[in-house]
Amino acid sequence: VQLQAFGGGLVLPGGSLRLSCAASGSIFSIGVMGWYRQAPGKQRELVAIITSGGSTNYADSVKGRFTISRDNAKNTVYLQMSSLKPDDTAVYLCTARVAASSYWGQGTQITVSS
């Protein structure tokens, strides 16, 4: 199983970005999908996760600003980010649970700066 993330970049404070992450390979079904992030010198932290049924969970720091969604037919998870802050600067990694294993994408850099 491979995960490929798209959509990172440089954005002004208050701006918006949308990340997507597509899973490919030998997949019968995907369980939980989600996004984590890791800033320099900090531990990796959960941003948001979504179950196959659409239930979601968010880090307190992004509630009301980020929205996670998924397209099960396309094995793709999305993260719509708005009202971005400099503290959101990090490498964002997507993850997916397939059978008993967790898989990770390569990460995409998001920099929020003026």
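Yes/no matrix, rows are residues, columns are (1) assigned to a loop (DSSP other than H, G, I, E, B); (2) farther than 17 Å from Gln4 by Cα; (3) at pLDDT 95 or above:
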{"site": "Phe28", "(1), (2), (3)": "yes, yes, no"}
{"site": "Pro40", "(1), (2), (3)": "yes, yes, no"}
{"site": "Val47", "(1), (2), (3)": "no, yes, yes"}
{"site": "Arg70", "(1), (2), (3)": "no, no, yes"}
{"site": "Val77", "(1), (2), (3)": "no, no, yes"}
{"site": "Gln80", "(1), (2), (3)": "no, no, yes"}
{"site": "Ser83", "(1), (2), (3)": "yes, yes, yes"}
{"site": "Asp87", "(1), (2), (3)": "no, yes, yes"}
{"site": "Cys94", "(1), (2), (3)": "no, no, yes"}
Show the residue pairs meeting these rules: Cβ distance below 6 Å; 6+ apart or different chains; first residue within segment 101-114 and within 11 Å of Leu12 (Cα to Cα); second residue among the hydrophobic types (A, V, I, L, M, F, W, C). Thr111/Leu10; Val112/Val11; Val112/Leu84; Ser114/Leu12
Looking at segment 65-101 only, could you name the residues that are closer than 14 Å to Gly25 by Cβ, surrounded by fewer than 16 Cβ atoms within 10 Å (Cβ to Cβ) and of a type in the set (Ser, Thr, Tyr)? Ser101
For segment 28-52, which residues satisfy the criterion of being under 15 Å from Ala73 (Cα atoms) and open to solvent by 70 Å² or more (accessible area, probe 1.4 Å)? Phe28
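Scanning for something within 29 Å of Ser114 (Cα to Cα), of a type in the set (D, E, K, R) and more than 10 Å from the chain's Cα centre (by Cα), does segment 7-29 turn up at least one residue? Working first, answer last.
Pass one, segment 7-29, residues within 29 Å of Ser114 (Cα to Cα): 7-21.
Now narrow it down to the ones that are of a type in the set (D, E, K, R): 18.
So of that shortlist, the ones also more than 10 Å from the chain's Cα centre (by Cα) come out as none.
No, there is no match, as no residue in segment 7-29 is within 29 Å of Ser114 (Cα to Cα), of a type in the set (D, E, K, R) and more than 10 Å from the chain's Cα centre (by Cα).
The values are calculated or read from the model by the stated rules, or taken from the named source; none is laboratory data. It should be emphasised that the depicted structure is a prediction, and the values quoted were computed from it without experimental measurement. Here the Cβ is made from the backbone with ideal geometry for all residues, glycine too, and neighbour counts use every protein chain on show. When the accessible area is computed, the model is the full protein with side chains, heavy atoms only, and any ligands, DNA or RNA have been set aside. Shrake-Rupley method; radii C 1.70, N 1.55, O 1.52, S 1.80 Å.
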